[in-house]
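The structure appears right after this line, and notes come after that.
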Amino acid sequence: MQASRHAILIAMLMFACLLQANMTTAAVLTTAAMKGIFHDLTCSNAPWPKEQLEVADFNAQPATLALPDGAIGYRALSPSRHPNYLGRKALNIAILVDGKEAGSVKMTGDLRLYGDIACTTRRIGRHELLTAEDVTMIRRDITTLGDDLVRQPAAAIGKHITTALQPGDVLRTTQLDEPPLVNRGDMVTIIVQTPGLRASAPGEAKKTGGRGDVIRVKNLMSRKYILAKVIDAGVVRAEF
């Protein structure tokens, strides 16, 4: 009787070993791996480099997926319900093992755009001239910040600010003005140019102006007031 029980135990152990040897090794697709798949699919046709795009508030159902051993792939079963590149996305993904569908996952997440933008380092008053010490580059979420962001320090340094800003405020191109090339009361050279004539005369600016501005100028030779366009520092061209 004892020998019979012993033989049964041995047979059960051998069957268990054989069963384990024939089982397919399982792999687990983690939430982090699913987030990577979601990132790749949602960024595939975006007009920005992938490294500038990040996924926030990601969710996957199921959160993990057990898969048989093999080469893992994926394909989208349905396109995102939101056609815009940025914002909330929803995808239904088929997970493939050796080219065969082994499961599906519903994924949602916010696609966010990040970039290096110019920000202020101190409080800056209206009409102040920006210096290199006033501007720093910071990587930020710019998804909803618009298209008028300053992306290079050189685009802001030496410009006048049109509105007061606080430390850490984002700099925008619409807040910047070229510094005036002519100030009211400056002595200027008035250029008179026609198809057959080019002459110059001394003048006095009656208004401050930047490049391209049309200002009132007094011709010191004729004593008359004219309108002239600022073309360079201390140089204006008579407008006819």
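The values are calculated or read from the model by the stated rules, or taken from the named source; none is laboratory data. Just so it is clear, the model here is predicted, and its values are computed rather than measured. Note that each Cβ is placed from the backbone with ideal geometry, even for glycine, and that neighbours are counted across all protein chains shown.
Any residue at all in region 80-95 that's more than 30 Å from LEU145 (Cβ to Cβ), touching a Gly at 6+ places or on another chain (Cβ under 8 Å) and surrounded by 18 or more Cβ atoms within 10 Å (Cβ to Cβ)?
yes
Going by the structure shown, is ILE161 touching a Phe, Trp or Tyr at 6+ places or on another chain (Cβ under 8 Å) and either more than 17 Å from GLY212 (Cβ to Cβ) or of a type in the set (Phe, Trp, Tyr) (or both)?
No: the conditions fail for ILE161.
Does region 148-160 contain any residue that is of a type in the set (Gly, Ala, Ser) and surrounded by 15 or more Cβ atoms within 10 Å (Cβ to Cβ)? Step through it out loud before you land on a result.
Going residue by residue through region 148-160, those that are of a type in the set (Gly, Ala, Ser) are 154-156, 158.
In the following step, the residues that additionally are surrounded by 15 or more Cβ atoms within 10 Å (Cβ to Cβ) were identified as 155-156.
The answer is yes; a qualifying residue exists.
Could you tell me which residue of region 55-91 is modelled with the highest pLDDT, considering only residues that are part of a strand (DSSP E or B) and among the charged types (D, E, K, R)?
Step one: list which residues in region 55-91 are part of a strand (DSSP E or B), which gives 55-61, 65-68, 72-78, 87-91.
When the remaining residues are screened for being among the charged types (D, E, K, R), the result is 57, 75, 88-89.
On the way: ASP57: 95, ARG75: 89, ARG88: 91, LYS89: 90.
This residue is ASP57.
Condition (residue is assigned to a loop (DSSP other than H, G, I, E, B), surrounded by 13 or more Cβ atoms within 10 Å (Cβ to Cβ) and touching a Lys or Arg at 6+ places or on another chain (Cβ under 7 Å)) applied to region 198-207: is it met by at least one residue? I'd like the intermediate steps shown before the answer.
First pass over region 198-207, keeping only residues assigned to a loop (DSSP other than H, G, I, E, B): 206-207.
Subsequent filtering for residues that are surrounded by 13 or more Cβ atoms within 10 Å (Cβ to Cβ) retains 206-207.
Imposing the further condition that a residue be touching a Lys or Arg at 6+ places or on another chain (Cβ under 7 Å) reduces the set to 206-207.
Looking through region 198-207, at least one residue is assigned to a loop (DSSP other than H, G, I, E, B), surrounded by 13 or more Cβ atoms within 10 Å (Cβ to Cβ) and touching a Lys or Arg at 6+ places or on another chain (Cβ under 7 Å).
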